[in-house]
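Okay, structure first, notes after.
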Amino acid sequence: MSTNSAEPTRRLEVVLVKAGRTKIRYGAELLGDDGTRIAVRAPWAGEDVRDFGFVRFEPGDVFTEYYWRDRWYAVKEVRDGAGALKGWYCDITRPATLFGAELLVEDLDLDLWVSGDGTDVRRLDEDEFAESGLADRDPRAASAAVAALDELEALARESGLAPLLG
């Protein structure tokens, strides 16, 4: 291939499922797939601003998302439209599966937020996780989810999440 030609951009549909229903579906550009980790980039999929109090996701934000086939989480690096790092939003999920052009991810309710400067590390939605009944329905999955949240929190507090994504 000549240096002037460009590889066509591969598009994927990211499908986030929660409690057996599709929570959100959005298009993303495939950045890489090494057989274990899949990286995609997508604009903020919401139509409006979502203000969590500690961060705002808004039109123009860009998410570089990392999914693993062998880990129980996904890490999403969030930047504003000008490229400034807002932080990392981490979903605790079952390991991701890629079927053709569809990346399927099952959300298990637990989340972690890490601010761009690493000073704000917070666990989110532990009440939703407890109310989901996963611990009764699938104790192995519930245990893996809690362990994944603990692992990400420890990484964020010790060395930050950037080395995980590099």
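The values are calculated or read from the model by the stated rules, or taken from the named source; none is laboratory data. The model shown is predicted, which means the values in this text are computed figures rather than measured ones. When we count neighbours, we look across all protein chains shown, and the Cβ atoms used for this are built from the backbone with ideal geometry, even at glycine. Quick note on the areas: whole protein, heavy atoms, side chains included, nothing else; ligands and nucleic acids left out. Shrake-Rupley method; radii C 1.70, N 1.55, O 1.52, S 1.80 Å.
If Lys and Arg each add +1 and Asp and Glu each add -1, what is the summed charge of the other residues whose beta carbon sits under 12 Å from the beta carbon of GLY20? After counting each charged neighbour, the total is +2. Count charges around ASP48 for me, please; just the other residues with Cβ under 14 Å from its Cβ, Lys/Arg as +1, Asp/Glu as -1. Cβ neighbours under 14 Å give a net charge of -2.
What shape does the stretch 1-98 take by its C-alpha gyration tensor, where a ≥ b ≥ c are the square roots of the eigenvalues and a/c under 1.5 counts as rounded, a/b above b/c as prolate, and the rest as oblate?
oblate
By its C-alpha gyration tensor, with a ≥ b ≥ c as the square roots of the eigenvalues, how is the stretch 41-98 shaped: rounded for a/c under 1.5, else prolate for a/b larger than b/c, else oblate? It comes out prolate by the Cα gyration axes.
Along the axis of the charge dipole computed for the stretch 99-166 (Cβ charges of +1 for Lys and Arg, -1 for Asp and Glu, origin at the Cα centre), the listed residues TRP113, ALA144, LEU164 are led at the positive end by LEU164. Per residue of the chain, what 222 nm ellipticity follows from adding -39500 (n - 2.57) for every DSSP H run with n ≥ 4, rounded to the nearest 500? Rounded to the nearest 500, the figure is -6000 deg cm²/dmol.
Rounded to the nearest 10 degrees, the angle from helix 139-158 to the longest Cα principal axis of the chain is 70 degrees. Rolling a 1.4 angstrom probe over the protein heavy atoms with all chains in place gives the chain an accessible area of 53 Å² per residue. Rolling a 1.4 angstrom probe over the stretch 94-166 with all protein chains present gives an accessible area of which 51% lies on carbon and sulfur atoms. Rounded, prolate or oblate for the stretch 8-166? Axes are the square roots of the Cα gyration tensor eigenvalues, ordered a ≥ b ≥ c, and the cut-off for rounded is a/c under 1.5. Because its axes are fairly even, with a/c under 1.5, the stretch 8-166 counts as rounded.
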